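The values are calculated or read from the model by the stated rules, or taken from the named source; none is laboratory data. These numbers come from a predicted model, not from an experiment. Cβ placement follows ideal geometry from the backbone for every residue including glycine, while neighbour counts extend to all protein chains displayed. Only protein heavy atoms, including side chains, enter the accessible area calculation; ligands, DNA and RNA are left aside. Shrake-Rupley method; radii C 1.70, N 1.55, O 1.52, S 1.80 Å.
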Amino acid sequence: MLHDGFLLLGFALAFVLLFRRVGLGATLGYLLAGVVVGPQCLHLVGDAEQKMGIAELGITLLLFLVGLELEPARLWKMRRDIFVLGSLQVTACGLVLAAALHFATGFSGAAALALGLPLALSSTAQVLPMLQSSGRMKTRFGERAFAVLLLQDLSIIPLITIVAALSRNPADAGGPPGWLMVAETAGAIVALVVAGRYLLRPLFRVIGNLGEREMFVVAALFTVLAAAALMQMLGLSSALGAFIAGVMLAGTPYRHELEAAVEPFRSILLGLFFLSVGMMLDLSAIVQEPLFVLAITLLLITTKAAVIFGLALLFRMNWRGALALGLLLSQGGEFAFVLFTQATRAQLIAPQAASLFGAVVTLSMATTPFLMSATRKFRAEPAAKDEVREGPEGIGKSRAEGDCANAVIVGYGRFGQTVAQMLLAGGIGVTLIDRNVGMIDTAATFGSRVYFGDGTRLDVLRQAGADSAEMIMFCLDGDQIDAELIEAVGQAFPQAAVHVRVFDRFGMIKLEPTGAALVIRETIESAIAMARAAFDGAGLSQEAIRRAEVAYRARDRERLRAQIETGDMHAAPERIFTEVEGLPPEITATG
């Protein structure tokens, strides 16, 4: 295990860095690393099938994370794209490919259908990371691409039923009827929804009250594996179960913490999945029939791109977006391997044909980064000369509606609440993070959504949208923020201005070298406000009150500067107002 892990990670690291460097994406790097390290080339690592079984958990975790981004209400708004556009894509691409294979290769109708329908499915494991890395996951384009991919996952059930109905294997005659599989699927989905509402949410509330980070990781993985295992027991897509579990938890305040807990496992396992796909690529099949594999790969890509392009135009996408969608979904998908195995077991295709078409799927996956990179300028929307860009106010309002945070506020106590209310009053969207479950529940009763999480961790900040935030504001009680954290936040999110609330002067001195945009003592402004009220009650004029405030602020600033420079809290004592000194002459004269 150590030997294989060392080699796989080493080759993956080298190839992914190289392909990232030349702008071809990580997926192609993983695939070629798997080809080189696997039994077809250097033969340094074997047993790709076993590694694939483990790596498929990466797809499951990916769908769970996607589900966390989609609340049921948002999913309902996408129903037309999911059930109409998605169904048309699978049906049209599957039938056109089946007909093309039948007439071009001489396969029987049943065999062509058993090959064409699986080829209609695209690679969720490849497309979603590409959308996330390009920042298009939450755009209208990204939602449509995801809607099609989701329907493809749902279509696994009817496709397995079709292959079973066409089976020539006598052992399949006693298999369960299709309607029973549909009923079992519906029952499993209902069970997951009920469990998510009445079991998972209370569970995460208990864990949140305990404050144990490790328990969150354990509970998150348990949730994913339990949902996936339920679906797998029924012979269905395990990724679909994880997705439903994610949707059920999308509206909870624990979303960002769950994302941060699962994300590292997802990244590693998804990389292992593509390594395994590369290792399983049958190079001997390509060498024996190179023209056939290349021709079918070209047929697959052009057919799917053309059909999806046409469907996207029917759904009123502009031609550039329609072309991008067609190219993005033009490859074969990971579930094709599952359906090819089913078709072989059903005696519809020979094992050699399954190997050839497995190679076709792998090669088609390798072409997608090239296609998207080569057509980027061609697909880009031209900028009009007099185009008016959306200003900060518009960005704030759109983000307040849930697209993306303009400000991330860590800590929603009495201080953070006031800051958040002020920002919202000014039209700036905010994402709120706190670790106090009681405070989160109280905020919910007033209509505020506060997410559970440790906002002093970079991964949680990133999940909360800090990559695109214009401000990150630490409003935590006491002295919880140190200089190392602020420097790390500044390096990780250089576009964001960092504002920090500290307890006293010690906190300001500690954070002075960090380059934070603002460090403020939590009580200074309220203390000054009380002093102003006292002056007013004593009968001083407004000009005298202003002069007193200016004098205090100037002396306090000078003393703080001296304390920072010398490191001595007793520096510049002459700048402190004392009872003996009384009011400065310039104030008493005016007063």
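Numbers at a glance
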{"item": "For S330, residues with placed amide H under 5 Å, excluding near neighbours", "result": "none"}
{"item": "Distance between the stretch 1-75 and the stretch 320-341 - C-alpha centres, whole angstrom", "result": "18"}
{"item": "Per-selection Kirkwood Rh - the chain (Cα, Å, 1 d.p.)", "result": "27.4"}
{"item": "Nearest-ten-degree value, helix 86-105 long axis tilted from longest Cα axis of the chain", "result": "30"}
{"item": "Within-13-Å neighbourhood charge of E214 [Cβ basis; K, R +1; D, E -1]", "result": "-2"}
{"item": "Cα lying deepest toward the dipole's positive end in the chain, options G453, V127, A111, charges on Cβ", "result": "A111"}
{"item": "Solvent exposure of the chain as accessible area per residue, Å², 1.4 Å probe", "result": "47"}
{"item": "Relative contact order, percent, the stretch 443-512 [alpha-carbon distance under 8 Å, six or more residues apart]", "result": "32"}
{"item": "Selection from T566, I268, P39, by position along the positive dipole direction of the chain (Cβ)", "result": "P39"}
{"item": "Under-5 Å amide H pairs with L121, H placed in peptide plane, nonlocal only", "result": "G333"}
{"item": "Contact order relative to length of the chain, as percent, for alpha carbon pairs under 8 angstrom and 6 or more apart", "result": "15"}
{"item": "Computed over the stretch 519-570, Cα set: Rg, Dmax in Å", "result": "13.4, 40"}
{"item": "All Cα pairs of the stretch 23-82, percent lying beyond 14 Å", "result": "72"}
{"item": "Rounded percent of accessible protein surface that carbon and sulfur make up, the chain, 1.4 Å probe", "result": "64"}
{"item": "Cα centroid of the stretch 472-489 to Cα centroid of the stretch 124-170, whole Å", "result": "42"}
{"item": "Principal axis dimensions, largest first and in whole angstrom, of the stretch 182-339 by Cα", "result": "61, 43, 33"}
{"item": "With Cα atoms, 0 to 90° folded angle of helix 319-328 axis to the chain main axis", "result": "70"}
{"item": "Accessible area (Å², 1.4 Å probe, nearest 10) - I54", "result": "90"}
{"item": "Net charge dipole size for the stretch 198-324 [Lys, Arg +1 and Asp, Glu -1 on Cβ; Debye, nearest 20]", "result": "480"}
{"item": "The chain - charge dipole about Cα centre, Lys and Arg +1 at Cβ, Asp and Glu -1, debye rounded to 20", "result": "1660"}
{"item": "The stretch 190-266 - charge dipole about Cα centre, Lys and Arg +1 at Cβ, Asp and Glu -1, debye rounded to 20", "result": "220"}
{"item": "C-alpha long axis of helix 351-374 to longest principal axis of the chain, angle in °", "result": "40"}
{"item": "Longest segment of the chain lacking GluC sites (Glu not before Pro) that sit in a DSSP loop with at most 11 other Cβ atoms within 10 Å", "result": "1-386"}
{"item": "Distance between the stretch 522-565 and the stretch 183-226 - C-alpha centres, whole angstrom", "result": "53"}
{"item": "Cα coordinate range in the stretch 409-475, projected on the principal axes (Å, largest first)", "result": "29, 27, 17"}
{"item": "Spatial extent of the stretch 444-549: Rg and Dmax, with the Cα atoms as the point set, Å", "result": "17.8, 54"}
{"item": "Square roots of five times the Cα gyration tensor eigenvalues for the stretch 43-122, Å", "result": "29, 26, 7"}
